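The values are calculated or read from the model by the stated rules, or taken from the named source; none is laboratory data. Just so you know, these numbers come straight off a predicted model, no measurement behind them. Virtual Cβ from ideal backbone geometry, glycine too; neighbours counted across all protein chains shown.
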Amino acid sequence: MSDNLKKATLGGGCFWCVEAIYQDLQGVKQVISGYAGGRVENPTYQQVCTGTTGHAEVTQITFDPQVISYSDLLYVFWRTHDPTTLNRQGADVGPQYRSIILYHDEEQKAIAEQAKHDTEASGLWPNPIVTEIVPLDVFYPAEAYHQEYYRNNPNQPYCRVVIDPKVSKFRKEFKDRLKEL
């Protein structure tokens, strides 16, 4: 990774959904689905799905801050999942689907806390935001079959029913920030 690239680690429900959105943003160089925020070393998908490891499904986003800022990544984050539902996104229920920002340094922490405050004050969401803002300890990449899941499995039922509408809405709302598709 060159010196000018940075990382952000975000969880907003199923990592397939979050990955599909951030892959399309200008300035994003890589998105890796994985697990963070838990107590079990090297967790598997099956372990995380039990909801007992403490991990959330997250994505680690490598981005060029000269093209897209951390604040801009968070702006998209607040608008592409429901940060007011505790341990739930749609039909996906459990602590592994919680809304979470895992900051990499004190600057990211301050930006995340300000962004959360500003989003709450904006009235975007009628209910209180429950997103956790915690330091990143360890990020564990998910198994290979989870990477680029939406791109590799566009006809899978979950992709068609859950991810397609999210991506369509995102592409419409953020069309000026998309990579050329």
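The table below lists the values:
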quantity	calculated
Index of the failed condition, VAL31 passing every other in (1) under 24 Å from LYS179 (Cβ atoms); (2) in a strand (DSSP E or B); (3) touching a Pro at 6+ places or on another chain (Cβ under 9 Å)	(3)
Positions within the stretch 142-181 being closer than 24 Å to ARG98 by Cβ, among the hydrophobic types (A, V, I, L, M, F, W, C) and exposed (fewer than 14 other Cβ atoms within 10 Å of the Cβ), in sequence order	VAL161
Which numbered condition GLY51 fails, given (1) touching a helix residue (DSSP H, G or I) at 6+ places or on another chain (Cβ under 6 Å); (2) not in a loop (DSSP other than H, G, I, E, B)	(2)
GLU19 being under 25 Å from SER168 (Cβ atoms), out of contact with any Lys or Arg (no Cβ under 8 Å at 6 or more places or on another chain), assigned to a strand (DSSP E or B) and of a type in the set (Asp, Glu)	no
Filter result (over 20 Å from GLY37 (Cα atoms) and not in a helix (DSSP H, G or I)) within the stretch 112-168	GLY123, LEU124, TRP125, PRO126, ASN127, PRO128, GLU148, ASN153, PRO154, ASN155, GLN156
Test: ALA115 is surrounded by fewer than 14 Cβ atoms within 10 Å (Cβ to Cβ) and of a type in the set (A, V, I, L, M)	no
Total residues in the stretch 42-58, condition out of contact with any Pro (no Cβ under 8 Å at 6 or more places or on another chain) and either buried (at least 22 other Cβ atoms within 10 Å of the Cβ) or in contact (Cβ under 8 Å) with a residue 60 or more places away in the chain (or both)	7
Test: GLY11 is in a strand (DSSP E or B), more than 20 Å from ASN153 (Cβ to Cβ), modelled with pLDDT of 95 or more and under 16 Å from the mean Cα position of the chain (by Cα)	yes
Test: residue in the stretch 57-78 that is hydrophobic (A, V, I, L, M, F, W, C), over 19 Å from TYR149 (Cβ atoms) and in contact with a His (Cβ under 8 Å, 6 or more places away or on another chain)	no
Which numbered condition VAL40 fails, given (1) assigned to a loop (DSSP other than H, G, I, E, B); (2) under 17 Å from TYR103 (Cβ atoms)	(2)
Condition broken by ILE61, with the remaining ones in (1) buried (at least 17 other Cβ atoms within 10 Å of the Cβ); (2) in a helix (DSSP H, G or I); (3) free of Cβ contacts under 8 Å to residues at least 60 places away in the same chain satisfied	(2)
Failed item in (1) without any contact (Cβ under 8 Å) to a residue 12 or more places away in the chain; (2) surrounded by 12 or more Cβ atoms within 10 Å (Cβ to Cβ); (3) within 22 Å of GLN46 (Cα to Cα), with PHE139 passing the rest	(1)
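For every residue, the table says whether it meets (1) among the aromatic types (Phe, Trp, Tyr); (2) under 15 Å from the mean Cα position of the chain (by Cα).
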{"site": "THR44", "(1), (2)": "no, no"}
{"site": "CYS49", "(1), (2)": "no, no"}
{"site": "TYR70", "(1), (2)": "yes, yes"}
{"site": "ARG88", "(1), (2)": "no, yes"}
{"site": "ILE101", "(1), (2)": "no, yes"}
{"site": "LYS109", "(1), (2)": "no, no"}
